[in-house]
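The values are calculated or read from the model by the stated rules, or taken from the named source; none is laboratory data. Keep in mind it's a predicted model, so treat the numbers as computed, not measured. No Cβ is skipped: glycine too gets one built from the backbone with ideal geometry, and neighbour counts run over all protein chains shown. In case anyone asks, the SASA skips ligands and DNA or RNA and just uses the protein heavy atoms, side chains included. Shrake-Rupley method; radii C 1.70, N 1.55, O 1.52, S 1.80 Å.
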Amino acid sequence: MDVFHAMKGRQSIRKFSREPVPREKILRMVEAATWAPSAGNAQNARFLVVEEAALLARMKGIVDDLLSRITGKTVPPDKINYHNLFAEAPVAVCVVGKPYESATDRHLREKDPERHRVRRYQVNAGLQSAASSITQFLLAAHSLGYGTCWMTGPLVAKPELESALSIRPPEELLAIIALGIPDSSPPPKPSRKPPEEITEFR
Ligand SMILES: Cc1cc2nc3c(=O)[nH]c(=O)nc-3n(C[C@H](O)[C@H](O)[C@H](O)COP(=O)(O)O)c2cc1C
């Protein structure tokens, strides 16, 4: 599939059929992700693929409990929303990343801690690298006929999910990709800004 065709055809899918996703297809998507650029070619993201219905339900419970706690409103067990829809997909791909630190960053840590902090938490090359691999995963999934939804909503319960998934520092959970065959025709794709509006030449 032509890259522009894939980019324009992909859209977030929030309803899936129950059909399982073969592991070899998932590995093809991960292969696409490995070809993404990463700072220092650190390839600092990995993919924890949750297929077990019981674990998906447990993750949903964790997210719903947290949301109920912070909003003061109970999330009914059958309610699917922006934060928990991954649990309705046959597969939830958890993106796990490690912070990236270059040799320059290590110098900065000692010589200029404030600049180090900005690079670590605002520039965040590790997070940018993981995001590029997620994008390629999504495009590969689309070209193979699968739908995805890139999700950070569930990460309101980041520490609790990390504990349930045994993700330990320095690794952390960065996103969840809901993955499966799209259930029905999705709503129209959200529009995009014209390139001229967001481009400035100097
Ligand atoms: C970093 C990131 C986090 C997102 N988190 C969620 C989420 O938690 N739940 C959700 O339903 N969609 C989530 N989305 C999907 C966006 O809502 C979606 O990409 C956007 O509205 C554009 O629509 P499109 O993907 O169909 O082109 C997220 C997207 C990104 C890039």
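Observations, loosely collected:
- Taking the range 3-184 and dividing mean pair separation by its residue count, relative contact order in percent (alpha carbons under 8 Å, at least six apart): 39 percent
- The slack between ARG23 and ASP78, meaning 0.36 nm per residue of separation minus the straight C-alpha distance, is 17.0 nm.
- Helix-only mean residue ellipticity at 222 nm for the chain, each DSSP H run of n ≥ 4 adding -39500 (n - 2.57), per residue, nearest 500: -12000 deg cm²/dmol
- Of the DSSP H helices in the chain, those with a Cα length along their own long axis of 24 Å or more and a mean Kyte-Doolittle hydropathy reaching -1.0 comprise 53-71, 125-143.
- Note on the range 3-184: Kirkwood hydrodynamic radius from all Cα pairs is 17.3 Å, rounded to one decimal.
- Restricting the range 1-62 to GluC sites (Glu not before Pro) in coil, as DSSP defines it, with at most 12 other Cβ within 10 Å: GLU52
- Where trypsin sites (Lys or Arg not before Pro) fall in DSSP loop in the range 63-106, at most 13 other Cβ within 10 Å: LYS73, LYS79
- Counting lysine pairs in the range 3-184 that sit 8 or more residues apart in sequence, or on different chains, and whose Cα atoms lie under 27 Å apart gives 16.
- The range 16-83 shape via C-alpha gyration tensor axes, a/c threshold 1.5: oblate
- Annotation note: GluC sites (Glu not before Pro) in the range 105-202 located in DSSP loop regions with a Cβ neighbour count of at most 13 within 10 Å are GLU200.
- R0 of 35 Å, Cβ-Cβ distance SER191-SER163: FRET efficiency to nearest 0.05: 0.35
- Exposed chymotrypsin sites (Phe, Trp or Tyr not before Pro) absent: longest stretch of the chain, with sites in DSSP loops and at most 13 other Cβ within 10 Å deemed exposed: 83-200
- Of the whole protein surface, LEU56 contributes about 10 Å² of accessible area at a 1.4 Å probe radius.
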